[in-house]
Structures are given as structure tokens and as C-alpha cells.
1. Out of the residues in the range 121-180 that are among the hydroxyl-bearing types (S, T, Y) and assigned to a helix (DSSP H, G or I), state the one that is modelled with the highest pLDDT.
2. Search the range 226-253 for residues being assigned to a loop (DSSP other than H, G, I, E, B) and not small (G, A, S), and hand back the single one that is most open to solvent (accessible area, probe 1.4 Å).
3. For the range 41-54, enumerate the residues that are surrounded by fewer than 18 Cβ atoms within 10 Å (Cβ to Cβ) and either free of Cβ contacts under 8 Å to residues at least 60 places away in the same chain or of a type in the set (S, T, Y) (or both).
4. For the subset of the range 55-110 comprising residues that are in a helix (DSSP H, G or I) and charged (D, E, K, R), which member is least open to solvent (accessible area, probe 1.4 Å)?
5. Failed condition for R113, given (1) assigned to a strand (DSSP E or B); (2) surrounded by 14 or more Cβ atoms within 10 Å (Cβ to Cβ), with all others met?
6. Considering only the range 254-268, I want to know if a residue exists there that is open to solvent by 30 Å² or more (accessible area, probe 1.4 Å) and not in a helix (DSSP H, G or I).
7. With the requirement that a residue be open to solvent by less than 70 Å² (accessible area, probe 1.4 Å) and either farther than 21 Å from P56 by Cβ or without any contact (Cβ under 8 Å) to a residue 24 or more places away in the chain (or both), what does the range 169-201 give you?
8. Tell me, please, whether a residue that is without any contact (Cβ under 8 Å) to a residue 12 or more places away in the chain and out of contact with any Ser or Thr (no Cβ under 6 Å at 6 or more places or on another chain) can be found in the range 229-245.
Amino acid sequence: MALPAAHDSEKRRERSLLHDGLRYLESEPYYLPTADEVSLFEKCHQRGLSVMLKGPTGCGKTRFVEHMAWRLGRPLVTVACHDDLSASDLTGRYLVRGGDTVWQDGPLTLAARLGAICYLDEIVEARQDTIVVIHPLSDDRRLLPLEKTRELIEAAEGFQLVISYNPGYQNVLKELKPSTRQRFVAIDFDFPRNELEWRIVQHEGGVDEPTARSLVALAARMRNLKDRGLVEVPSTRLLVATARLIAEGIPPIDACRSALVAPLSDDPELLGALRDLVSAVIA
């Protein structure tokens, strides 16, 4: 069963009530394209191709998926993957309700039935035996076999599978198998260029242009420390959080130390160096 486009507000509210976890975006999520990712995603959607987003934490992958779901008028199901995620968590399970045993669709099944975009965030965190369940949905078969209900679900029109991961987190134990990777069209992400990033920080953080530019300049210098012990560099998401604190009246240096520096490390020496950098860049 395919859902109507997201511009039918009456049905949209009804469907939202009927299916928890199915998200309809009524207004445009703010997103500035960095290359041709929007047109590439649209072409993939038109041809029913699954998409893999690769990029560092907090660079805008999730916001991009939200923007595309709104742009394409499709509902969105988001799953944050983790070590304990089972195949049943994705496909569904039988539950006991009022003395009866009833089947409850999982988010993947729900998206396939209703023609939604299903976004599996940080897919490498899930176990390999869980990832395998998406294989028949992510190639040209577009099928989801449910052994427990003896169903073979053909993905509804509009269904699209999207996964994301941070290549910097991969290791031998957490790496996508070639048999999984080769079912997806890959789109690479990175932190936006400076002229785009300060506009994002200004818009999302609610600060003026000079403040946004200063935060982006600070982040650029901090990202140069990646090879000097800084495991994770400051993301655009951290910059937005810092800007929001400043917009709420927190002094800029204090906001930077709490929202930008402290989340990055627990190493006293590294934290000291980052704080010195804040003092040098932020007036």
C-alpha cells in the first residue's frame, strides 16, 4: 500500500497517528547542497536504487536525508543502528495484546509496505546477521521475506533504502561486507566549505554573521589537530550547538569550552591546547 504524497495534510495526520515512527516532514528542513548530491539522490529514488551516505559524524548526512524526504514528498523512517539491533527489531515480531497474539511490523517492514524512505543510521554498528536482512530489499528484487508471517513483501512504490556510516569508525570488526556495499550507490560527504558552513551555523544557531564566521574559523584550526591526538574533530553539529548557547547569552568563550572543546576529548593536555586555541580565535 502506497501512501499519498506528503502534501495531503489530512491524510498525513491520520497516517501519523496510525503508524508511530513514520515521520512526515511538513516544512523544508534547512539544507545547503555542497555538490550534486541532491540531483544524484533524486535520480536514485526515481530508479529505486538504494543509497549509501559516507562521511564524518555531524557533517549533515541525517539532515540531507530529511531534506530529501521532504523534497520527494515521502514519509521517513529512521533507525539508529547499534550492537544489539536484531533482525526482528527491523522486520517485526509477534506481541501479546489483550490475550491475543498479534504481529507488529518493524520499521523496515513498515517502510516497505507504505513506500517510505527507510534510513539506517550508522549501519556498521549493527551485527552482520542483522544487516543481511536488508539484502533482498536493497537490490533490484525489492523484496522482504517475513518467515514468521510467511509473507513475501514487495516494496511499495516510493520505498527507498538509505544507509550511512562514518568511514573513520570502521575497523576489522565493524566493516560492511562487499556483498552489502555493492548493493548501494555511494554519496560521499564531508564538512561543508567555510562559506557554506558559516551560513549553516548562522541559520541553525541563531547568531550573527561575524560570530558564525569566527566559530567556523576556530573549527578549521581545530580540525588541523586531527593527526595530533584528536580522535574526532569538531563537527558542524557541535558548531551549531555552540552558536545556540551564544545566542542564549552564554559568553562565546564559555560556550566554546563547554559545547565545542569538552565533548572532543578527556585528555588534559589536549583539552588545554584546544582551550588556548579558543582564547586565541574567539574575542
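1. The qualifying residue modelled with the highest pLDDT is S138.
2. Within the range 226-253, the match that is most open to solvent (accessible area, probe 1.4 Å) is E248.
3. Result: E42, K43, Q46, R47.
4. Residue satisfying both the conditions and the ranking: K61.
5. Result: R113 passes all but (1).
6. yes
7. Those that are open to solvent by less than 70 Å² (accessible area, probe 1.4 Å) and either farther than 21 Å from P56 by Cβ or without any contact (Cβ under 8 Å) to a residue 24 or more places away in the chain (or both): S179, R183, W198.
8. Looking through the range 229-245, none of the residues is without any contact (Cβ under 8 Å) to a residue 12 or more places away in the chain and out of contact with any Ser or Thr (no Cβ under 6 Å at 6 or more places or on another chain).
The values are calculated or read from the model by the stated rules, or taken from the named source; none is laboratory data. Just so it is clear, the structure is predicted and the values come from calculations on it, not from any experiment. Note: ideal-geometry Cβ built from the backbone for every residue, glycine included; neighbour counts use all protein chains shown. Remember, those area values only see protein heavy atoms, side chains included, never the ligands or the DNA or RNA. Shrake-Rupley method; radii C 1.70, N 1.55, O 1.52, S 1.80 Å.
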